[in-house]
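Please read the structure below before turning to the comments.
Only the coordinates and a few stated rules stand behind these numbers; no lab work does. Remember, it's a predicted structure, so these values are computed and weren't measured experimentally.
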Amino acid sequence: MLSPSIRTYIKEVAIQVLAGAISALLGWVVILTWKASPMRVIVLCTGIVLVTVLLVSFRKLHIVPLKVILPVAVVIILLSEAIVGWYFSTQITKTPELVGLSPAKASPMLQELKLSGKISRAKCGIQEDSITFQDPLADELVMKGSKIQIVTGIPIIEITDPVENTQVTWKYVVRGKSCGLSDSRLILYVLVHPIENNTWWVQSESIVDIDGQWKVNAQFGRTENQDVGTKFQIIALVTTVEIDIGEEMLKLPRHLAHSEVITVSRTR
């Protein structure tokens, strides 16, 4: 025959295990059945854990009777899901597919979803009247009232100096030509990385002339005396968003257009 204290301990453990099982079950229902976003799942599961801990603590303090604790937990969990669901349905929306449409057709679609568009026009004679790029991409979750970066046309970008398999010094001015950048909100960046690793270094701010000629002050290597003889790759790309100068990136950022990759060797 078990003593009253042992029976009480077993009962409390069973309550916590059952509450945890209910929490896990409801969490999987949200993920698999409702296809909720990760943020929604995190919010809901956090609420479930807090409610479970609170009610179990109340039970130990004999504030809530055993026959009440589980129904109350279920009601509070379902109510929290209803509140979270209402918030996400009123404040969050998915971005529409805009690529291929004209800005005139895209505008009412954005207005219906309570979004707005920030248009950049790459005037190169290539699909000038069609949207060729959007950021965020289609079907991404965003807050209502957000601005979608939209680009019409396709810019052209090329590196003219240095050329393939030539040498560069530690500090070197990378030059090139472009079409569709000088009269747009698009931003040109030059990124450099040593072939021996995958880290891309974002170089200094680009200067684009009216005729499309551009230049960027680039750095090849850590110091003037280091990395001599190392091979580097250079790429120029066009984005709609700003990137921090000097930032190190393991992969290229999302971009609209890019140049060919140029391979060079570092000299003094």
Completion exercise
Taking the convex hull of the alpha-carbon atoms of region 95-152 and averaging its shadow over every direction gives an area in square nanometres of 3.3 nm²
Practice task
Answer rounded, prolate or oblate for region 156-266, using the Cα gyration tensor with square roots of eigenvalues a ≥ b ≥ c: rounded when a/c is under 1.5, else prolate when a/b is larger than b/c, else oblate.
Solution key: prolate
Handout entry: Stretchable slack from E140 to I245, in nm (0.36 nm times residue separation minus alpha-carbon distance)
Key = 35.1 nm
Exercise for the section: Please report how far the C-alpha centroid of region 125-170 lies from that of region 189-268, rounded to the nearest whole angstrom. Expected result: 16 Å
